[in-house]
Amino acid sequence: MAGTVLVGAQWGDEGKGKITDLIAPDFDYVVRYQGGNNAGHTVVHGDITLALHLVPSGIMYPQVIPVIANGCVLDLKVLLKEIDTLAAAGFSTDRLQISGNAHIIMPWHIALDGASEIQRGASEIGTTRRGIGPTYEHKAARNGIRMQDLLDPNLFRAKVAASLETANAILTNLYEEEPIDADMVCAEYLEMATRVTPYITDTALLLNSELAAGRKVLFEGAQGTLLDIDHGTYPYVTSSNCTAGGAITGTGVGPMAVKKILGVAKAYITRVGSGPFPTELDDDIGAKMVEIGGEFGTTTGRMRRCGWHDSVITRYAAMVNGLTDLCITKLDVLGFLDKIKICVAYEIDGQSYTTLPGSQSLLERAVPVYEEMPGWETDISAVKRYEDLPIEARNYLERLEELAGVPVTIVSVGPERGQTIMRGWQSL
Ligand code: IMP
């Protein structure tokens with residue numbers, strides 16, 4: 001049994017796509033276990049740069065089997081577009097396996113996501129408006145539509161009619177939106193079904209038998225720890241379990257199959273959407289991080305909020321995911337600074353917290369306690385070996401790992417595969 005989970009240790013956008021792409025050749029399977037096309041991975045592969053939202057990053061390696069497991073939600077139009085884009089770039093998707101239990105994002109989920117955000121007004125979540133929340137709501141309400149329903153047109157039509165009955169009532173009465181026509185939806189989706197049903201598999205059975213046969217599986221988390229529905233900064237979270245536990249329920253493998261858990265964190269920190277952000281920088285330094293780090297969302301193009309690295313968060317991520325390894329990305333971006341701050345604790349109502357406070361109202365009042373370290377003020381994007389990093393950069397990394405309590409085994413200094421420093425990472 002050789003499972004490895006890769007998770008975001010912050011609020012998503014940590015650079016997981018590059019790291020998955022980097023280590024994917026060591027694995028037989030790369031599996032998405034939660035979320036949908038709210039995620040966005042920019043993968044730079046040779047001369048080709050692709051933005052993937054749904055298909056696992058491992059798709060680019062012919063020997064790797066990509067899997068979209070039961071914990072994910074799928075927008076069929078996005079899936080087909082991504083399959084076509086990959087084909088046009090010369091990457092076959094024939095090996096792709098999709099769980100029959102994964103839920104489909106239907107047009108009313110997208111409409112409900114947008115309408116509920118508008119209704120929230122100033123307290124909006126800042127969702128990606130891709131229909132993620134309402135699809136998981138309907139899953140929990142046992143009113144959702146799954147990939148396997150596409151295999152039986154009559155069942156599919158009945159489920160669409162049942163689900164739309166309540167969705168249309170809410171859309172028209174509560175949000176004053178136009179109702180959605182069941183017949184049009186069925187015609188469109190059953191047409192798409194002809195292209196997507198060949199990918200449907202019992203992925204839990206597949207992964208368990210392959211793990212038992214000694215195959216290596218990488219579970220690729222989307223979003224990040226603080227966007228987890230249970231362990232994140234609720235209600236400003238996504239609607240799935242992004243943490244390592246999600247890899248278990250989201251695929252149907254047992255916990256003992258997972259041997260390594262790699263957390264990915266930026267050398268600083270970013271967040272998109274609303275919600276508390278203790279180390280946020282509303283100044284020139286934050287603006288420079290946006291500019292140098294190219295901090296705009298892959299999925300929505302929104303500017304990301306930037307701040308100092310927050311070790312309270314990384315320590316929390318280490319705890320709730322059981323991290324065995326840490327990867328620090330975008331270290332090169334901090335090369336413009338003569339001094340770098342790290343948040344080591346929060347002060348809230350005169351009390352010091354070194355792990356995330358359990359209550360949202362406490363977190364909203366958190367004042368970061370900073371430690372300051374000298375910057376390296378040089379371009380490190382061509383450095384290949386840890387020893388060749390400036391001493392200030394090494395000291396910074398070593399302090400981050402000490403504060404997180406997890407060894408930093410991978411350091412990324414640029415978007416290319418080659419711009420990576422391996423510092424003890426070993427795929428199983
Ligand atoms: P949803 O996932 O579209 O429902 O959005 C809920 C929250 O998660 C919002 O704050 C989004 O900005 C955030 N979010 C969702 N996906 C990502 C991601 O891949 N990276 C960063 N933030 C995300």
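The figures follow:
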{"read-out": "Cα centroid separation, region 207-253 to region 322-343 (Å)", "value": "24"}
{"read-out": "Using θ = phi - 60° and Karplus 6.51 cos²θ - 1.76 cosθ + 1.60, couplings along region 95-106 (whole Hz; Gly, Pro as x)", "value": "7, 4, 10, 10, 5, x, 8, 5, 8, 9, 7, 9"}
{"read-out": "Along each principal axis, Cα extent of region 193-266, largest first, Å", "value": "36, 35, 22"}
{"read-out": "Residue-by-residue Karplus 3J(HN,Hα) for region 238-248, coefficients 6.51, -1.76, 1.60, Hz, glycine and proline x", "value": "8, 9, 10, 8, 7, 6, 4, x, x, 5, 7"}
{"read-out": "Compactness index (Cα Rg / 2.2 N^0.38 Å), region 1-53", "value": "1.17"}
{"read-out": "Area accessible to solvent at ARG120, 1.4 Å probe radius, in Å²", "value": "110"}
{"read-out": "Percent carbon-and-sulfur accessible area, region 178-262, ignoring ligands, DNA and RNA, probe 1.4 Å", "value": "57"}
{"read-out": "Ranked by how many other beta carbons lie within 10 Å on average, peptides 160-167, 183-190 from highest", "value": "160-167, 183-190"}
{"read-out": "Charge context of VAL55, other residues only, Cβ under 10 angstrom, K/R +1, D/E -1", "value": "0"}
{"read-out": "Contact order relative to length of region 208-314, as percent, for alpha carbon pairs under 8 angstrom and 6 or more apart", "value": "20"}
{"read-out": "Distance between modelled label sites at ALA89 and ILE292, nm, 7 Å Cα→Cβ extension", "value": "2.7"}
{"read-out": "Equivalent ellipsoid semi-axes - Cα gyration tensor, region 125-188, angstrom", "value": "20, 16, 11"}
{"read-out": "Whole-angstrom Cα spans of region 225-278 along principal axes, big to small", "value": "35, 25, 13"}
{"read-out": "Per residue, in Å², the accessible surface of the chain once ligands and nucleic acids are set aside, probe 1.4 Å", "value": "39"}
{"read-out": "Cβ-defined net charge surrounding GLU295, 9 Å radius [Lys, Arg +1; Asp, Glu -1]", "value": "0"}
{"read-out": "Summed residue charge, Cβ within 9 Å of PRO368's Cβ, Lys/Arg positive, Asp/Glu negative", "value": "-1"}
{"read-out": "Other-chain or far-sequence residues with amide H under 5 Å of ALA2's (modelled H)", "value": "VAL217"}
{"read-out": "Length gained when the stretch VAL369-ALA213 is fully extended (0.36 nm per residue, less Cα-Cα span)", "value": "51.3 nm"}
{"read-out": "Semi-axes of the equivalent ellipsoid for the chain, Cα gyration tensor, largest first, Å", "value": "36, 26, 19"}
{"read-out": "Efficiency of FRET from Cβ geometry, LEU428 and ASN395, R₀ 30 Å, rounded to 0.05", "value": "0.50"}
{"read-out": "Unit Cα scatterers, Debye sum, region 270-319: log10 I(q)/I(0) for q = 0.15, 0.17, 0.20, 0.24 Å⁻¹", "value": "-0.43, -0.54, -0.72, -0.94"}
{"read-out": "Calculated on alpha-carbon atoms, Rg and Dmax of region 308-350 in Å", "value": "13.0, 36"}
{"read-out": "Difference of contour (0.36 nm per residue) and Cα-Cα distance, GLN63 to THR49", "value": "3.0 nm"}
{"read-out": "Packing rank of 330-343, 222-235, 5-18, 386-399, where each peptide gets the mean count of other beta carbons within 10 Å, highest leading", "value": "5-18, 222-235, 330-343, 386-399"}
{"read-out": "For ARG146, residues with placed amide H under 5 Å, excluding near neighbours", "value": "ILE104"}
{"read-out": "Pairwise centroid distance, computed over Cα atoms, of region 123-161 with region 360-428, Å", "value": "40"}
{"read-out": "Mean separation of Cα contacts under 8 Å, 6 or more apart, over the residue count of the chain: relative contact order %", "value": "20"}
{"read-out": "Region 247-403 - Kirkwood radius from inverse mean 1/r over Cα pairs (Å)", "value": "17.0"}
{"read-out": "Chain lengthening between ASP338 and LYS384 when straightened (0.36 nm per residue, less Cα-Cα)", "value": "14.3 nm"}
{"read-out": "Calculated Rg and Dmax of region 1-126 using C-alpha coordinates, Å", "value": "15.6, 48"}
{"read-out": "Lysines with Cα under 20 Å of LYS266, excluding same-chain neighbours fewer than 8 positions away", "value": "LYS16, LYS18, LYS288, LYS330, LYS339, LYS341, LYS384"}
{"read-out": "Rounded to whole Å, sorted largest first: equivalent-ellipsoid semi-axes of region 47-182, Cα gyration tensor", "value": "30, 19, 12"}
{"read-out": "Percent of Cα-Cα distances greater than 18 Å, calculated over region 338-389", "value": "52"}
{"read-out": "Computed label-point distance, nm, for sites TYR175 and ALA204 using a 7 Å Cα→Cβ extension", "value": "3.1"}
{"read-out": "For GLY126, residues with placed amide H under 5 Å, excluding near neighbours", "value": "SER274"}
{"read-out": "Listed peptides 27-37, 207-217, 303-313 by packing density, highest first (mean Cβ within 10 Å)", "value": "27-37, 303-313, 207-217"}
{"read-out": "Accessible-area composition of region 11-132, carbon plus sulfur, in percent [1.4 Å probe]", "value": "52"}
{"read-out": "P(r) tail fraction, region 355-428 - alpha-carbon pairs more than 18 Å apart, %", "value": "54"}
{"read-out": "Region 233-376: relative contact order as a whole-number percent, Cα under 8 Å and 6+ apart", "value": "27"}
{"read-out": "Debye log10 I(q)/I(0) for region 169-208, one point scatterer per Cα, at q = 0.13, 0.19, 0.26 Å⁻¹", "value": "-0.53, -0.70, -0.84"}
{"read-out": "Helix-only CD estimate at 222 nm, as mean residue ellipticity for the chain, using -39500 (n - 2.57) per DSSP H run (n ≥ 4)", "value": "-9500 deg cm²/dmol"}
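The values are calculated or read from the model by the stated rules, or taken from the named source; none is laboratory data. These numbers were taken from a predicted model, which means no experiment stands behind them. Cβ atoms come from the backbone with ideal geometry, glycine included; neighbour counts cover every protein chain shown. When the accessible area is computed, the model is the full protein with side chains, heavy atoms only, and any ligands, DNA or RNA have been set aside. Shrake-Rupley method; radii C 1.70, N 1.55, O 1.52, S 1.80 Å.
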